[in-house]
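The values are calculated or read from the model by the stated rules, or taken from the named source; none is laboratory data. Quick caveat: nothing in here was measured; it's all calculated off a predicted structure. Because the Cβ atoms are built from the backbone with ideal geometry, glycine has one as well, and the counts that use them run over all protein chains shown. Remember, those area values only see protein heavy atoms, side chains included, never the ligands or the DNA or RNA. Shrake-Rupley method; radii C 1.70, N 1.55, O 1.52, S 1.80 Å.
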Amino acid sequence: MNQGSDVLVIGAGVIGAATAYFAARQGLSVTVIDKGLPASGTSSACEGNILVSDKELGPELELTRYSLGVWHGDLGDHKRLWEFESKGGIIVASRESSLASLNRVMAVQTGYGVAVEELDQDALREAEPQISHEALGGASYSEDCQVQPMLVAAHLVRLATEAGARFLADTPVTGFRRSSNRVTGVKTPRGDFSADAVVNCTGTWAGELAALAGVSVPVLPRRGFVVVTEPLPPMVHHKVYAAEYIDNVGSSDGGLQASPVVEGTPSGTILIGSTRERVGFDRTVSTNALSLLARNATALFPFLEHVKAIRHYHGFRPYCPDHLPVIGHDERAPGLWHAAGHEGAGIGLSAGTGKLLAQALVGQAPDLDLSPFAPARFGELPTGEPARHSSSHHPASPQSAEHQSAEPREEASA
């Protein structure tokens, strides 16, 4: 038996790293284990979004705004470590119907305190001179930010260990230790680990891990591709995406969806996304998806037609059917906690998720109500009491209403 801890975090992606860091900051003894290395899963195959612009009204937007405050506040002194960029985001509408819908969304968001500015054609071209002449207008979101997610995970694990946590790589979980119906630790090839609280931060694999504990957490993989261009002088100055992206982000459609998302990086490369599809853990490269990315990007920024793509890659977002993450204590398996299912918003929501979960782990009332994210919403409690289900309010969105991206973010040294 390995030494016990107050908290055992399973998974060293950005969610697990943030949870470990804030739990250690609360004075808890923390052990972090991962079947690989920090950021070796979804966190290494996403672009590092911290977005307000694509969030529907409701619990996710509230968590987004809270998390943004944590990024700027609690983690503000560390921004340089993970290439934090307050670059802002721009949504572009190229059809009259999309522009009308976007204007309705902006009106609703403004009423809830979201910082958004309408851009007419002239203002849009001033902000992004290379944008297509087909673009009719847009919306500018100054709060949208960007980080390098692999650096976030690596540095938060390091900061957690400096605060007293310990990290063990190459330590997959094979089962749970229990006392009666309570989870008291995990089993691994390196021995058993005991803990007062075990936190499932395994991203796309959270459902499989939860099943080992006998509970249902329906987190599913949603595949997404990105194309990376050759390095260029600064050509795209914000994260720029078409209004249709918001529709696709919130969709429950399992088929291939694609909407243009284009942004520059500190290295000069341009990232082109985004696609999403539910194909399980199939890592096959889809030429159809890559072709759609290229066509969509050149429609938004015509200059890209003459730019070389140097590579592409893809990953899996942890998707929940109701588009809300799973955060908090699992009443169906006392001692087990979850922080997973954030889909493409995981990087942005990680800071807030980690801090809120750490507050709950020490018995404090979290700064934000976690009940909409309760794990037990997915099934019956052991007593037979019906689980409480969450709901969120959906505003009118451009086109209809849908959800997010898993485009990997290029490292500045690439």
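Quick notes on this one:
- Sequence-distant contacts, meaning Cα pairs under 8 Å at least 6 residues apart, place the relative contact order of the range 109-261 at 13 percent.
- Per-residue ³J(HN,Hα) for the range 365-379, Karplus 6.51 cos²θ - 1.76 cosθ + 1.60, θ = phi - 60°, Hz, x for Gly and Pro: 6, x, 4, 10, 5, 8, 4, x, 9, 4, x, 5, 5, 9, x
- Convex hull projection area averaged over all views, the range 250-372, Cα basis, nm²: 10.2 nm²
- Compared with the direct C-alpha span, the chain from residue 179 to residue 362 gains 63.8 nm at full extension, assuming 0.36 nm per residue.
- Share, in percent, of DSSP beta bridges within the chain that are antiparallel, nearest 5: 65 percent
- Given 14 as the ceiling on other Cβ atoms within 10 Å, longest exposed-site-free region of the chain for trypsin sites (Lys or Arg not before Pro) in DSSP loops: 1-189
- Max mean-square fluctuation residue, GNM over the chain, Cα-Cα springs under 10 Å, options 164, 207, 16: 164
- Percent accessible area from carbon and sulfur atoms, the range 97-149, protein chains only, probe 1.4 Å: 48 percent
- Based on every Cα atom in the range 187-328, Rg and the maximum pairwise Cα distance Dmax equal 18.4, 57 Å.
- Rounded to 10°, Cα long-axis angle of helix 14-25 versus longest principal axis of the chain: 50 degrees
- Modelled FRET efficiency - R0 60 Å, residue 208 with residue 232, Cβ distances, 0.05 increments: 0.90
- Residues of type lysines that residue 55 reaches as a straight line, Cα spacing below 26 Å, ignoring anything fewer than 8 places off in the same chain: 79, 87, 239, 355
- Net charge dipole, the chain: roughly 1300 debye, given to the nearest 20, about the Cα centre with Cβ charges of +1 for Lys and Arg and -1 for Asp and Glu.
- Between residue 170 and residue 108, the modelled label-to-label distance comes to 5.0 nm, taking each label 7 Å out from Cα in the direction of the beta carbon.
- Taking the chain and dividing mean pair separation by its residue count, relative contact order in percent (alpha carbons under 8 Å, at least six apart): 26 percent
- Sequence-distant residues sharing a close amide H with residue 87 (under 5 Å, placed H): 146
- Förster radius 35 Å - calculated FRET efficiency between residue 305 and residue 282 (Cβ-Cβ, nearest 0.05): 0.70
- With every protein chain in place, the range 226-355: carbon and sulfur % of accessible area (1.4 Å): 55 percent
- Potential extension, residue 133-residue 77 segment - 0.36 nm per residue separation minus Cα distance: 16.1 nm
- Computed over protein heavy atoms with a 1.4 Å probe, the accessible surface of the chain works out to 37 Å² per residue.
- Value at 222 nm in deg cm²/dmol, rounded to 500, when DSSP H runs of n ≥ 4 in the chain each add -39,500 (n - 2.57): -8000 deg cm²/dmol
- Whichever aspartates and glutamates have a C-alpha closer than 12 Å to that of residue 308, once near sequence neighbours (fewer than 8 apart) are set aside: 230
- Across the options 356, 300, 214, the greatest Cα extent toward the positive end of the charge dipole of the chain (unit charges at beta carbon of Lys, Arg, Asp, Glu) belongs to 214.
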